[in-house]
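Data first, discussion second: the structure below is written as structure tokens.
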């Protein structure tokens, strides 16, 4: 979604970016940069998705996930341990 669409959807749900900053106790610039896609914050993205009722992957579709999940890390450790035997 375009950043202006995200902000409009939030306003239509009765929440402004400033209100979100207060709720999450983060800087306005953090919320603005997440909305524009310049930075990623799972916590801010999840709350925005909850507010506008759309999945994070719909709001920011081209986002690359660089972090591995705990399950992926544990699977890699288990595989490394098996190959070390």
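Taken together, the values in this text are just the output of simple stated rules run on the coordinates, not laboratory data. Quick caveat, the model's predicted, so the values are computed rather than measured. FYI the Cβ positions are ideal-geometry reconstructions off the backbone, even for glycines, and counts take in every protein chain you see.
Summary table below
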item	result
Yes/no for residue 73 being over 13 Å from the mean Cα position of the chain (by Cα), surrounded by 11 or more Cβ atoms within 10 Å (Cβ to Cβ) and in a loop (DSSP other than H, G, I, E, B)	no
Subset of the stretch 26-43 [assigned to a helix (DSSP H, G or I) and closer than 18 Å to residue 54 by Cβ]	31, 34, 35, 36, 42, 43
All positions within the stretch 14-25 that are part of a loop (DSSP other than H, G, I, E, B) and surrounded by fewer than 16 Cβ atoms within 10 Å (Cβ to Cβ)	14, 16, 25
Index of the failed condition, residue 61 passing every other in (1) surrounded by 11 or more Cβ atoms within 10 Å (Cβ to Cβ); (2) within 12 Å of the chain's Cα centre (by Cα)	(1)
Test result for residue 47, touching a helix residue (DSSP H, G or I) at 6+ places or on another chain (Cβ under 7 Å) and either in contact (Cβ under 8 Å) with a residue 24 or more places away in the chain or farther than 21 Å from residue 2 by Cβ (or both)	yes
Set 47, 11: member being surrounded by 15 or more Cβ atoms within 10 Å (Cβ to Cβ) and in a helix (DSSP H, G or I)	47
Test set (1) within 26 Å of residue 7 (Cα to Cα); (2) free of Cβ contacts under 8 Å to residues at least 24 places away in the same chain; (3) in a loop (DSSP other than H, G, I, E, B) - residue 68 fails condition number	(1)
